[in-house]
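A.B. asks: Quick one: this structure, given as structure tokens, is what I'll be asking you about.
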Amino acid sequence: MRFVTIILSLFIISTSNAFCKDYTFKIDSIKHHKKYINAPKPKQITPPDKAYYNDCVFTNKYTINQRLKRYPFSKATKILVVSYDGTPEPNMEITTNGDTLDAITHKKYSDHRPHGLHFNKDTLDYVSLFEIKQLTQRLINRLTNIMYNTDYCVPNHYAHPSHSCFNPRNALIFYDKNGKVFDYLEICFECDQIKSKSDRIYFNSACTQGLDYVKKFLIDAGIKFGTLTTKNPDEQ
């Protein structure tokens, strides 16, 4: 009986070794390794923080003709871009180094030039303006592209940063065929805010870099105050 047990044990060991050798041969470690090396690399996933701050993309959703048919461009015969010393909204509790923004504004700038935009009915008063540039058709086409063909690269539900302050230094002024101002859009890069007279002017998408594109646009149009500097030109 003991002899039979020994014979069975030897048979099992021999069969096991044969199976292991056969299995090892089938997987062929060299070929398997090469196959692994040549496998396509997984796509890199953009970190959430980088995706958040780089979520804008230009599309071709609207043609030039389609963009120009949208308000306010459908009505505008002339568009000015201007810069001026903005005025904070009343009762805004914004402090810097222990002082309110309103107080800083009055200390920093002389009182002889009015703050903000000024109109005499539907006529723009230039008294408060630092820089005035009229947009060419090429620049208008570029502006509409920024406003209506800029969208989210990847749809997301992030809460975009903004501030409760509004101290605009730049604006787009829209004139009708009679030479009258029918609407305007004030822009505050400091607070990431825009406001229009009619509340009908808006950007198709509020992706994170949207206002950065607008700032670059104003710089290329020749506007420095509010985009490159906030130092009053009268003090330079």
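A.B. asks: State all residues of the stretch 172-200 that are charged (D, E, K, R) and outside any loop (DSSP other than H, G, I, E, B); if no residue qualifies, say none.
C.D. replies: If the condition is that a residue be charged (D, E, K, R) and outside any loop (DSSP other than H, G, I, E, B), then Asp183, Glu186, Lys195 are the ones that fit.
A.B. asks: Could you list all residues from the stretch 207-222 that are in contact (Cβ under 8 Å) with a residue 40 or more places away in the chain and over 14 Å from Cys188 (Cβ atoms)?
C.D. replies: Once the filter is applied, which keeps residues that are in contact (Cβ under 8 Å) with a residue 40 or more places away in the chain and over 14 Å from Cys188 (Cβ atoms), the stretch 207-222 yields Cys207, Thr208, Gln209, Tyr213, Phe217, Asp220, Ala221, Gly222.
A.B. asks: Please verify whether the stretch 79-98 includes one or more residues that are touching a Lys or Arg at 6+ places or on another chain (Cβ under 6 Å), exposed (fewer than 14 other Cβ atoms within 10 Å of the Cβ), modelled with pLDDT of 80 or more and under 19 Å from Tyr175 (Cα atoms).
C.D. replies: Looking for residues that are touching a Lys or Arg at 6+ places or on another chain (Cβ under 6 Å), exposed (fewer than 14 other Cβ atoms within 10 Å of the Cβ), modelled with pLDDT of 80 or more and under 19 Å from Tyr175 (Cα atoms), one finds none in the stretch 79-98, hence no.
A.B. asks: Look through the stretch 207-227, keep the residues that are surrounded by fewer than 17 Cβ atoms within 10 Å (Cβ to Cβ) and not acidic (Asp, Glu), and return whichever of them is farthest from Phe130 (Cα to Cα).
C.D. replies: Filtering first and then ranking leaves Gln209.
A.B. asks: Another question, then. Take the residues of the stretch 201-232 that are within 19 Å of Gly86 (Cβ to Cβ), in a loop (DSSP other than H, G, I, E, B) and of a type in the set (Val, Ile, Thr): which is nearest to the chain's Cα centre (by Cα)?
C.D. replies: Here the residue is Thr227.
A.B. asks: Yes or no: Asp199 modelled with pLDDT of 90 or more and acidic (Asp, Glu)?
C.D. replies: Spelling it out, Asp199 is indeed modelled with pLDDT of 90 or more and acidic (Asp, Glu).
A.B. asks: Can you pull out the residues in the stretch 34-78 that are at pLDDT below 95, in a loop (DSSP other than H, G, I, E, B) and more than 22 Å from the chain's Cα centre (by Cα)?
C.D. replies: Asn38, Ala39, Pro40, Lys41, Pro42, Lys43, Gln44
The values are calculated or read from the model by the stated rules, or taken from the named source; none is laboratory data. Here the structure is a predicted model, which means the values were calculated and not measured. Cβ atoms come from the backbone with ideal geometry, glycine included; neighbour counts cover every protein chain shown.
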